[in-house]
Each structure stands twice: as C-alpha cells, then as structure tokens.
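Take a look at the structure set out below.
Only the coordinates and a few stated rules stand behind these numbers; no lab work does. For clarity, every value in this text was computed on a predicted model and none was experimentally measured. Every residue, glycine among them, receives a Cβ derived from its backbone with ideal geometry; neighbour counts consider all protein chains shown.
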Amino acid sequence: MPRILYGVSPIGLGHATRSMVLSEELRRRGAEVRLFSGGKAGEFMRERGFEVDSVVDDPVPHVSDLEMDRVALWYVRSWLANRRTIPRTRRLLDAFQPDLVVCDEEFSGIVVAEDRGIRRVFMADELHLGFARTWFARKIESRVDRWYTELQASVDLLLIPEQGRSGGNRRYVGPIVRSPTKSPAEARAAYGLPPGRMVLFATSGSGLGRELALKVRDALSSVDDKDAFLAVTGNRGTRISGERVYDLGVVPDNQNLVAAADLVVSTAGKSTIDEAAAAGTPIVVIPFRHHAEQERNAAALGYSADDESRLPALIGARLGRRMAPKKFDGEIEASEAILSLLGKDNARA
C-alpha cells in the first residue's frame, strides 16, 4: 500500500474541498493518505470527518473595500509562516515515512520532501503571480516568482485542475469538484429556505466578501421578482440581515446549495465557479480588485471588478438562466497521474 503525505493550503476552502475529493479517490485506489493543513481549512476538513494534522501556517491576503492590498506584507508574512511550518512538516514526514508527497498549493511539504529525496506532486491553480502594484511589492514579488517558477519545474508532477494540453511534468487534469449529495428540494429544506428563485452568495472560503454580499443584497431588492431571495454561505462575521435574506454561515455542503440555486454570485473563487459549471447553475463573479487569481478567473467568464456597479442588471439578466451541466472527473485523472509515479500497479483500480 503506497503511503502519501498530502498537504493542503489553509487559505480559503477551495483547496480543502478538492483535496477531500482527491484524497478519497486515492484511498479508493488503495493508497494510505495522511492529510495536513492548518487554520479554517484544517478545521473544515476535520468537521467533515477527515483526520488532518494541523501544522501549516499561512496568512490570508488582506482585502479592504473589495480590493486586495498590503501585498508586500503578505509575501513577507507568508515567507515567515513557511519557515515556522517547515520544522513541523519535517517531523510529520519523518514519522509517517511516505512514498510520495502531494501538496495543493502548500509549500512546506514540497521543500521537506526535496530534502529527503522523496517524489513530489504539486497542484496549482495559478502558475504565475501578479498581485503586486507598488514598486516595493513588485521587487519582492519578482523574487518570489522566480522561486515559484523553479519549484514548478523541479517537482515530479505539476497538476493543474483545468482543461489544457499536458507536457513535460505538467498534467492538466480538469476541475475537481464535490458531487451533490441532495436534490435541490432536499438542499433547500435542509436549511429552511423558502420557495422562490434563490440567489446564492458564496463568500470566499477565507471569510472575505461581506461588503460584496451587502451589495448583492441591495441589488437583489431592485430586481423585478418579488419571490426572489438571497442565501449567503461562508460568512464568518456579523450575520447579514434583511428582507428575504438567509445567512447560513459556513455550511458543510455548499455544492448542494450551488446546484439548488437559480443564480450564484461569488468573489471568483475557482471551487465555486467549477461547482456551478458542474451543476449548470448560472454564475456572476466579482473579483477582489488586484487579486490576480480572482481577476483571471473572472475574465475567463467575461467579468471584472468593474461589474460591481452593474450587479442589478447582471442579476436580472442571469437569474434562472440555467446551462447544461458539465461533467468533471479531475480526481480520476489526478489520482492516476499521482499513482503512476509509484508504478503501474497503483495507477488504476
């Protein structure tokens, strides 16, 4: 039985949700998988019944008034956090003695595995940075980007959860999403949601996006549909109130609500976008300004941060306009690629 140590970035919940799917697929194929993460992501996975070692520090980017800022400080804090994490990861790796290390945008596992001569798999949504705006932040980012580029080139396998052309150590496996476990009616009933057309605002897994949720609430009030209501998930702060507003907090099965919604509005996180596409649910995304990853995700769907001012029109135009669901099996492609590093007998089940 191959032993896999699996590190998960604690920033947001998108890394956690797809890591749960992929780790379960690896276990189904006979691997022993040990997860490690930290913060809210580790807590989220443990609440879902997964055993997770809490060893990773990684700061959440700072967002103010729907704009990412203090980028230079974020890079410095991330570097310091990784230095604190590496000794803990080293002890974990030495105790578990894995045959392979997989990391979903978690860096300490990649560093320690290289020191130990263990094969490494890295999963990344973004192959380039681009968050910096000031001269000082760009100087720091240029050094981080060189290190990040070298890391991608050095790993045995670089997994990208998108459609694309594979080559070298890069393997495009397609999105990895959670499948719904309830029907739309069951999902609504489970959270006490009323009849009518539902707009779901999915807050960033890091708990960011309250300001945008309030703007969505206000925009929905101007839409000509008296039965439409707003459900908010992922909010970790003060509850959002209002007429026909349901703040559900952090939910364990957001994919069920995504599938049950008549429209999803989000801050352009990849997991929410992919789950909406899998369910055929229309989506409007408003990225945090200067958040390079979110801006690229939004641009791929034809949106930008400037669309914040057009929320009433966008909601009115997209509400209820369902699309054909897309079938994703990224966890199958990814697990086969990972296990192929350990020999053909482990690649398929």
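Some points to look at:
- Mean shadow area of region 31-148, taken as a quarter of the surface of its Cα convex hull (nm²): 8.4 nm²
- Alpha carbon centroid spacing (whole Å) that separates region 302-324 from region 91-154: 35 Å
- Between the Cα long axis of helix 270-279 and the first principal axis of the chain there is an angle of about 60°, rounded to the nearest 10.
- Assuming charge only on the beta carbon of Lys and Arg (+1) and of Asp and Glu (-1), the dipole of region 184-318 about its Cα centre is about 180 debye to the nearest 20.
- The H on the amide N of residue 265, modeled in the peptide plane, is under 5 Å from the matching H of 200, 201, 202, 284, each at least 5 residues off or on a different chain.
- Extension gain from residue 64 to residue 327, taking 0.36 nm per residue of separation minus the Cα-Cα distance: 91.1 nm
- The chain, dipole about Cα centre (Lys/Arg Cβ +1, Asp/Glu Cβ -1), debye to the nearest 20: 260 debye
- Charge-dipole axis of the chain as Lys and Arg at +1 and Asp and Glu at -1 on Cβ define it, positive-most pick from 6, 166, 124: 6
- DSSP-defined beta bridges in the chain - what % are antiparallel, rounded to 5: 10 percent
- Pairs of Cα atoms nearer than 8 Å and 6+ residues apart set the relative contact order; for region 1-113 it is 33 percent.
- Expected 222 nm ellipticity per residue - DSSP helices of 4 or more, -39500 (n - 2.57), all of the chain, to 500: -12500 deg cm²/dmol
- Amide H contacts of residue 119 (H built 1.01 Å from N, under 5 Å, at least 5 apart or other chain): 101
- Packing-based order for 257-265, 84-92, 239-247, 34-42, using average beta carbon neighbours within 10 Å, highest first: 257-265, 34-42, 84-92, 239-247
- A simple rule links phi to the HN-Hα coupling: the Karplus curve 6.51 cos²θ - 1.76 cosθ + 1.60 with θ = phi - 60°, which for region 124-129 gives 9, 7, 10, 8, 9, 8 Hz, with x for Gly and Pro.
- Ranked packing of 139-146, 334-341, 12-19, most packed first, by mean Cβ within 10 Å: 12-19, 334-341, 139-146
- Rounded to two decimals, the Cα radius of gyration of region 198-345 over 2.2 N^0.38 Å is 1.12.
- The share of alpha-carbon pairs in the chain lying farther apart than 27 Å comes to 46%.
- Cβ-to-Cβ counts within 10 Å put 79, 74, 147 in ascending order as 147, 79, 74, the fewest first.
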